[in-house]
Amino acid sequence: MSAIRSYRILLAAGLRAQLSVRIWEVDAQANGSALDPIFAAIDCHRAAAKANELAQRRADASEAQANKLAADRASDANTAAMLALIATVPTTAAGLRAGLRYVAAKGFEGNDLVEFIRTLLHSRHFSTDTD
């Protein structure tokens, strides 16, 4: 597969992630309420992880330098999406559950899991007046 096609696939995945965020923003504006940002963060990470997986497979199957560069960029985008996800505080009980389910399903571990738990503790669902 050509490097240009690989790049186009990665670009499409990135655009889907951006579109997902925009859809959440438009829906929130239409409803006059703020939707939980964790859903957009999950969608962005899901798209970035999928693009990263595809790019890594292409780079492994090819000696083309462009494929290696695309894989590096996809990995960077995946890392950025993961860092954004673990820093996003859920604002609803549904968002809290969705974040926990997603992180568990993806097998987050180590520092990433610890940081996500710390982020969750900032959710109003864990706040108490006795702290």
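The values are calculated or read from the model by the stated rules, or taken from the named source; none is laboratory data. The shown structure was predicted, so the numbers you read here are calculated from the model rather than taken from an experiment. Neighbour counts run over all protein chains shown; Cβ positions are idealised from the backbone, glycine included.
Give the stretch 87-102 a look and list any residue that's surrounded by 14 or more Cβ atoms within 10 Å (Cβ to Cβ) and either more than 12 Å from F39 (Cα to Cα) or among the small types (G, A, S) (or both), or say none.
G95, A98, G99 - these are the residues of the stretch 87-102 that are surrounded by 14 or more Cβ atoms within 10 Å (Cβ to Cβ) and either more than 12 Å from F39 (Cα to Cα) or among the small types (G, A, S) (or both).
Just to check your reading of the model, which residue among V89, V103 is at pLDDT 90 or above, among the aliphatic types (A, V, I, L, M) and not in a helix (DSSP H, G or I)?
V89
For the stretch 54-76, name all the residues that are touching a Lys or Arg at 6+ places or on another chain (Cβ under 9 Å) and of a type in the set (S, T, N, Q).
S62, N67
Might you let me know whether the stretch 121-131 holds any residue that is of a type outside the set (A, V, I, L, M, F, W, C) and at pLDDT 90 or above?
no
Within the stretch 13-22, is there a residue that is of a type in the set (D, E, K, R), surrounded by fewer than 16 Cβ atoms within 10 Å (Cβ to Cβ), closer than 23 Å to L100 by Cβ and at pLDDT below 90?
Looking through the stretch 13-22, none of the residues is of a type in the set (D, E, K, R), surrounded by fewer than 16 Cβ atoms within 10 Å (Cβ to Cβ), closer than 23 Å to L100 by Cβ and at pLDDT below 90.
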